[in-house]
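Report on the following structure.
The values are calculated or read from the model by the stated rules, or taken from the named source; none is laboratory data. If you're wondering where the values come from, they're calculated on a predicted model, not measured in any experiment. Ideal geometry is used to build each Cβ from the backbone, glycine not excepted, and the neighbour counts take in all protein chains shown. Ligands, DNA and RNA are stripped out before the accessible areas are found, and what is left, the full protein with its side chains, is counted by its heavy atoms. Shrake-Rupley method; radii C 1.70, N 1.55, O 1.52, S 1.80 Å.
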Amino acid sequence: MKYLIGITSSNTKHQSILNNSYIRAFTTDQTTPSIIPTQFEIKNEFISKEEEDNMALEAKLYAAKFDALILSGGVDLNPLVIGEKVRESNSFSQARDFFEKELVKAFTEEDKPVLGICRGFQLLGNIFGLNYFQQ
């Protein structure tokens, strides 16, 4: 049996980006990786109920299809998304932050494995109670 592994990607206005090392690392005789793009655009720091519902539905569809989720590395988390004050950062991907939170929720509800790498680990830490912004 082959397991389908979903790996989140970074995004620009026109592209979903994933370093090939993620694909190589999760390609085995038993696993096939696939990119999960962030297909949403959020224009400010607020997310509407409709946008949130759309993300939740999309996340549930991925959780039903994939056997595991990998949250890849990338740009900084937006502190506003995780309930903190903005201090300092080079860049954020608000849509990715919100969508990945929905993915984690959907995969954990399905009792499927979730692994966070770098940025992804920070997001998981926040979701599950680690407040790494406190000094």
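Worth a mention:
- Neighbour net charge for Ala64 - beta-carbon separation under 14 angstrom, K R +1, D E -1: -2
- FRET E, pair Phe46, Met1, Förster distance 35 Å, beta-carbon r, rounded to 0.05: 0.25
- Taking label points 7 Å from Cα along the Cα-to-Cβ direction, Val75 and Thr28 give a separation of 3.3 nm.
- Per residue, the accessible area of the chain comes to 61 Å² when a 1.4 Å probe rolls over the protein heavy atoms.
- Computed on segment 1-120, the Cα convex hull volume stands at 107 Å³ per residue.
- Helix-only CD estimate at 222 nm, as mean residue ellipticity for the chain, using -39500 (n - 2.57) per DSSP H run (n ≥ 4): -11000 deg cm²/dmol
- Here's how it looks for Ile70: its modeled amide H is under 5 Å from those of Gly6, Ile7, Thr8, Leu115, which are all 5 or more places away or on a different chain.
- Counted over the chain, the DSSP beta bridges are approximately 15% antiparallel.
- When the surface is traced with a 1.4 Å probe over the full set of protein chains, Asp111 keeps roughly 140 Å² accessible.
- The magnitude of the dipole of the chain, with charges of +1 and -1 set on the Cβ of Lys/Arg and Asp/Glu and taken from the Cα centre, is near 320 debye.
- With the whole protein complex present, Thr38 retains an accessible surface near 20 Å², based on a 1.4 Å probe.
- Eligible aspartates and glutamates near Lys2 by straight Cα distance, threshold 12 Å, same-chain separation 8 or greater: Asp29, Asp67
- Alpha-carbon centroid distance for the pair segment 11-28 / segment 46-106, whole angstrom: 17 Å
- Residues Ile23, Ile42 ordered from highest to lowest accessible area at a 1.4 Å probe: Ile23, Ile42.
- Potential lengthening between Phe128 and His14 on full extension [0.36 nm per residue; Cα-Cα distance subtracted]: 37.9 nm
- Put Glu58, Glu110, Glu50, Glu100 in order of accessible area, highest first, and with a 1.4 Å probe you get Glu50, Glu110, Glu58, Glu100.
- Protein accessible area in the chain, 1.4 Å probe - carbon and sulfur %: 51 percent
- Charge dipole of the chain about the Cα centre (unit charges at C-beta), most positive-ward option of Leu130, Ala106, Met55: Leu130
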